[in-house]
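S.K.: What follows is a single structure, and I will ask about it in a moment.
No lab work stands behind these numbers, since they all come straight from the coordinates. Source: prediction; values computed, not measured. All Cβ positions, even for glycine, are placed from backbone atoms using ideal geometry, and neighbour counts span all protein chains on display.
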Amino acid sequence: MAQVEPAAVKHTPLHDRHVGLGARMVPFAGWNMPVEYSGIVDEHMAVRTRAGLFDVSHMGEIEVAGRDAATALQRITSNDVEKLTVGQAHYSGLLTPDGTFVDDLLVYRLAPDHFLMVVNASNAVKDYRWISDHLKGLGDVVAVDNGARYALIALQGPAAREILQPLTGVPLAEMKYYWFAAGEIAGARGTISRTGYTGEDGFEMFVPPQMAGRVWDALMEAGRSVDLRPAGLGARDTLRLESAMRLYGNDIDDTTTAIEAGLEWIVAWSKGEFLGRDALVRQKEQGASRRLVGFEMVDRAIGRNGYPVLVDGVQAGTVTSGTQTPFLKKAIGMAYVPAETPKDAPIEIDVRGRRAKARLVPMPFYKRPRS
Amino acid sequence: MYPPELKYTKDHEWVRLDGERGEVGVTDYAQKQLGDVVFLELPEVGATLTQGQSFGTIESVKAVSELYAPVSGEVVEVNGALKDKPELVNEAPHTSWMLRVKLSKPDEVNGLLDSAQYDEVVR
């Protein structure tokens, strides 16, 4: 039998910082990543009330450029890239012909003919192949896997702007949500984007890997006065779930469509032909058989990924994500249930053989206060 | 750092013996691995424990783990304080007992680890 060589576990440029800070490191999507430092609850609360600093350098970066880059991306992503001005980004889907997800991603318009796609670490290799394959025949356009050229640091929380502003000449107050700008951060050339995966205000910074340590240290120092916390993948997951942001591999994958996942808002129906459009149009006409819903537990229990969902006592769906949220102090989650399930249907989750009561609630579970 | 008066299992539970009675909890190593504890599912008074068998679950923000009985016996008391404050397991793992048990096979404790041996296991 052929031996499959396990790929070497990769380290981000900030690996030594994490170890030095006492993080618990875990393998994640081929990377050795910090899952928690001071604890998920502590880090989660820091992001909701002050600020947290995340190393998300494991994320994949794929650049697409060429005279026909914009029209090509119109064909292979679900959102409308022609609506993006240079300096603007949006959330989008890389869809199969069935309207299901190859991946979800952010698309940044760096220049009229030059885009940056930030993709899930677990899908980066697959995505690059998929994009390269599907760009063939779409004219003067090429994809480049540039993941190794970027470290990505996320500063998230209500105090993010006051921490970052002294370290950069980029006027942050003027930067709108989902816009970005090139500039220096603590003396390093990079790109600052007002984006994140926490539901909180904040910034993500793309910097050269050799400058990542310097930027991280400067941010940690600048955040000292507001008790900035380094935060790991554990808090990243509870934060994104409170904000009802989908997680690839849990809430969406190549068996779930954009409509079922409640992500129709990233499907640009009117822009013309794109991968997955025909299947989605058909599903919209016929009606999807299931949909992703939010729930909160009534009984004391947590409904977790893979647990069966019962509607009116009959097994009818599956939990995709679930946790005890530190900020809302409730057990919440997302699940696929039959599309016709009424909002007030009696729901139960099969928690390791025990039926625990839950109810459907609107998403997001948490919305940050607007300043 | 592991209290010498406790006996330990390789599954990261401890028992504090007092004659034929014992208090049962999880170790500091266990709580560190689990992270923030949010729920405990424990048996009721009168339930029977069998050494090495699951007697409940401990749930943290990120995962659920089984709890394994370090000794056989009958549950005589359940720590109600942990129901409302499961985070006590993180804050004081070696004093946050979950159950008080009347041992049915006191000789079993001879097979448990002492603090030095347990320290080797988790080192």
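S.K.: With viscosity set to 0.890 mPa s at 25 °C, what whole-number translational diffusion coefficient in µm²/s follows for region A:60-147 from Stokes-Einstein and a Kirkwood radius over Cα pairs? All intermediate terms of the calculation are to be shown ahead of the outcome.
M.R.: Numbers: Rh = 12.5 Å.
Taking Rh from Cα pairs, D becomes 196 µm²/s.
S.K.: Would you grab the residues whose amide H sits under 5 Å from the one on residue A:276? Only those 5+ places off in sequence or on another chain, please, with H modelled 1.01 Å from N.
M.R.: For residue A:276, the qualifying residues are A:99.
S.K.: Ranking B:18, A:201, A:254 by Cβ neighbours within 10 Å, fewest first, what do you get?
M.R.: B:18, A:254, A:201
S.K.: Please compute P(r) over all alpha-carbon pairs of the protein assembly as shown, binned at 20 Å starting from zero, and give each bin as a whole-number percent.
M.R.: Distribution as computed: 21, 49, 26, 4, 0 percent.
S.K.: Do the sum for chain B: with -39,500 (n - 2.57) for every DSSP H run of n ≥ 4, divided by all residues, what is the mean residue ellipticity at 222 nm, to the nearest 500 deg cm²/dmol?
M.R.: Estimated from H runs of four or more residues: -4000 deg cm²/dmol.
S.K.: Testing the spin-label approximation: label points 7 Å from Cα along Cα→Cβ at residue B:21 and residue A:165. State their distance in nm.
M.R.: 6.2
S.K.: Another one. What is the distance in Å between the Cα centres of region B:8-33 and region A:153-207?
M.R.: The two parts, judged by their Cα centres, are 47 Å apart.
S.K.: Counting partner chain Cβ atoms within 10 Å of every residue's Cβ in A:298-305, what's the average? Before the final figure, lay out each step's value.
M.R.: On the way: counts 0, 0, 6, 4, 7, 0, 4, 0.
Mean partner-chain Cβ count within 10 Å for A:298-305: 3.
S.K.: Average partner chain C-beta neighbours within 10 Å, per residue of A:235-241?
M.R.: 1
S.K.: Using the C-alpha atoms of region A:1-80, what convex hull volume per residue, in cubic angstrom, is computed?
M.R.: Enclosed volume per residue, from the Cα hull, is 219 Å³.
S.K.: Divide by every residue of chain A the summed helix terms, -39500 (n - 2.57) for each DSSP H run of at least 4, and state the resulting mean residue ellipticity at 222 nm, rounded to the nearest 500 deg cm²/dmol.
M.R.: -5500 deg cm²/dmol
S.K.: Let me ask another. Return a single number: how many Lys pairs in region B:6-122, at a sequence separation of 8 or more or on separate chains, have alpha-carbon atoms below 28 angstrom apart.
M.R.: Eligible lysine pairs with Cα atoms under 28 Å apart amount to 19.
S.K.: Same structure again: For residue A:289 and residue A:126 in one chain, what is 0.36 nm times their gap in residues minus the Cα-Cα distance, to one decimal in nm?
M.R.: Numbers: separation 163, 0.36 × 163 = 58.68 nm, distance 2.82 nm.
Value of the extension gain: 55.9 nm.
S.K.: Evaluate the distance, in nm, between pseudo-label points positioned 7 Å from the Cα of residue B:123 and of residue A:133 along their respective Cα→Cβ axes.
M.R.: Distance between the two pseudo-spin positions: 5.1 nm.
S.K.: Within a 10 angstrom radius of the beta carbon, how do A:270, B:115, A:225, A:78 rank from fewest other beta carbons to most?
M.R.: Going from least to most buried by this count: A:270, A:225, B:115, A:78.
S.K.: Going 7 Å from the Cα of residue B:5 along its beta-carbon direction, which residues of region B:87-105 have the amide nitrogen within less than 18 Å of the resulting point?
M.R.: B:92-101
S.K.: Here's a follow-up. Mind sorting B:60, B:104 by how few other Cβ atoms lie within 10 Å of their own Cβ, fewest first?
M.R.: Fewest-to-most ranking of B:60, B:104: B:104, B:60.
S.K.: Ignore the peptide's own chain and count Cβ atoms of other chains within 10 Å of each Cβ in A:342-353; give me the average, rounded.
M.R.: Mean shielding count: 1.
S.K.: Quick check: Cα centre of region A:314-361 to Cα centre of region B:91-105, how many Å?
M.R.: Each part's Cα centre sits 33 Å from the other's.
S.K.: Show me the three semi-axes of the equivalent ellipsoid for region A:289-361, from the C-alpha gyration tensor (sqrt of 5 times each eigenvalue), largest first, rounded to whole Å.
M.R.: Taking √(5λ) for each eigenvalue gives 17, 13, 11 Å, largest first.
S.K.: How about region A:224-282: which chymotrypsin sites (Phe, Trp or Tyr not before Pro) there are in a DSSP loop, with at most 11 other Cβ atoms within 10 Å of their Cβ?
M.R.: Counting only loop positions with at most 11 other Cβ atoms within 10 Å, none of the chymotrypsin sites (Phe, Trp or Tyr not before Pro) in region A:224-282 qualifies.
S.K.: Another question, then. Please give the length that would be gained between residue B:64 and residue B:104 if that part of the chain were fully extended, namely 0.36 nm times their separation in residues minus their C-alpha to C-alpha distance (nm, one decimal).
M.R.: Working: separation 40, 0.36 × 40 = 14.40 nm, distance 2.83 nm.
Between residue B:64 and residue B:104, full extension yields 11.6 nm more.
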